[in-house]
Amino acid sequence: MRAIILSGGLGMRLRPLTDDKPKALIPVNGRPISEYQIEWLVKSGGVDAVTFACGYKWERLKEHFGDRYEGVPVDYSVEDEPLGTGGGIKKALSGKSDDTVVVTNGDIITDLPLRRMMEEHRQAGGMPASMLVVPYRSRFGVVKIDKLKMVRDFDEKPAFPDVWINGGVYILSPQKVLKGLPDRGDIERETFPRLVKHGELLSYPYYGDWSYVDSIKDLKELEEALQVQAQGGRL
């Protein structure tokens, strides 16, 4: 089972941390986020090969991981110019013969039981793609008021269990999805909407631990959450 880690972005919101390195090498409690990802992919999904879909400062990735990380073969699909998530996946799949591929955004940390998601994808039979979805969590605290406009309670960054967002992890059947991937463009905007029209995109709802790093604030919150987890708590 191959995994593609989408690592082609510039990481603008994480500057200056990304001035000299790609987002995939941003340290989380002293370790690159991509190390956490590879270990999760192997342990939770049985992944035995990793391809970085990369571009910006990709040489730093090669310097860090080389051709193998903890026994797992690693290669690099290098974009001369940004191709978007769809174009990046299409290029990374070129020349590969995998029946099923895991794709993850390069800024996700989760304890998702990947094998279960893979099994649901297989059981669906014939689906080109499955998408992780997670509950929407507000970045803002919610103020609860009554009919008299009196403030009655506060809820700090609540989750909305019936509102789902794209969790940035996909199971793809390359033979069925490849023709729908753009040479340049995003899978979220170009490929997935077409699959939805034909009832060919399966969701995998997950309520467990899931975080992403899109800003310095996200990074600090993730580091704190992982420290709590290491002490016996949860994310």
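The values are calculated or read from the model by the stated rules, or taken from the named source; none is laboratory data. Because the structure is a prediction, the values reported are computed rather than measured. FYI the Cβ positions are ideal-geometry reconstructions off the backbone, even for glycines, and counts take in every protein chain you see.
Observations on the model:
- Segment 32-42, subset under 15 Å from V102 (Cα atoms) and in contact with a Leu (Cβ under 9 Å, 6 or more places away or on another chain), residue surrounded by the most Cβ atoms within 10 Å (Cβ to Cβ): S34
- Among residues of segment 130-155 being small (G, A, S) and surrounded by fewer than 17 Cβ atoms within 10 Å (Cβ to Cβ), the one that is modelled with the highest pLDDT is G141.
- Whenever a residue of segment 126-152 is farther than 30 Å from H198 by Cα and in contact (Cβ under 8 Å) with a residue 12 or more places away in the chain, its partners that are surrounded by fewer than 13 Cβ atoms within 10 Å (Cβ to Cβ) and basic (K, R), lying with C-beta atoms within less than 6 angstrom and at least six residues away or across chains, give the pairs S138/K157.
- Taken together, the criteria exclude K21 from residues that are loosely packed, with under 13 Cβ neighbours inside 10 Å and either in contact (Cβ under 8 Å) with a residue 24 or more places away in the chain or assigned to a helix (DSSP H, G or I) (or both).
- The set of residues from segment 181-235 being charged (D, E, K, R) and either under 23 Å from I4 (Cβ atoms) or modelled with pLDDT of 95 or more (or both) comprises D183, R184, D186, E188, R189, E190, R194, E200, D209, D214, D218.
This table checks each residue for (1) among the hydrophobic types (A, V, I, L, M, F, W, C); (2) out of contact with any Pro (no Cβ under 6 Å at 6 or more places or on another chain); (3) outside any loop (DSSP other than H, G, I, E, B).
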{"residue": "T85", "(1), (2), (3)": "no, yes, yes"}
{"residue": "M117", "(1), (2), (3)": "yes, yes, yes"}
{"residue": "Q123", "(1), (2), (3)": "no, yes, yes"}
{"residue": "M127", "(1), (2), (3)": "yes, yes, no"}
{"residue": "S130", "(1), (2), (3)": "no, yes, yes"}
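- Candidate set: segment 82-129, residues that are of a type in the set (D, E, K, R) and closer than 23 Å to V213 by Cα; chosen: the one surrounded by the fewest Cβ atoms within 10 Å (Cβ to Cβ): D111
- Qualifying residue in segment 208-220 (condition: over 28 Å from P16 (Cα atoms) and either hydrophobic (A, V, I, L, M, F, W, C) or within 21 Å of the chain's Cα centre (by Cα) (or both)): yes
- If you go through segment 24-49 and keep only what is farther than 21 Å from L10 by Cα, part of a helix (DSSP H, G or I) and touching a residue at least 60 places away in the same chain (Cβ under 8 Å), you end up with W40, L41, S44, G45.
- Checklist (1) without any contact (Cβ under 8 Å) to a residue 12 or more places away in the chain; (2) of a type outside the set (D, E); (3) farther than 25 Å from D20 by Cβ applied to R68, failing item: (3)
- Residues that are of a type in the set (G, A, S) and farther than 24 Å from G8 by Cβ were ranked within segment 160-210; the one that is surrounded by the fewest Cβ atoms within 10 Å (Cβ to Cβ) is G199.
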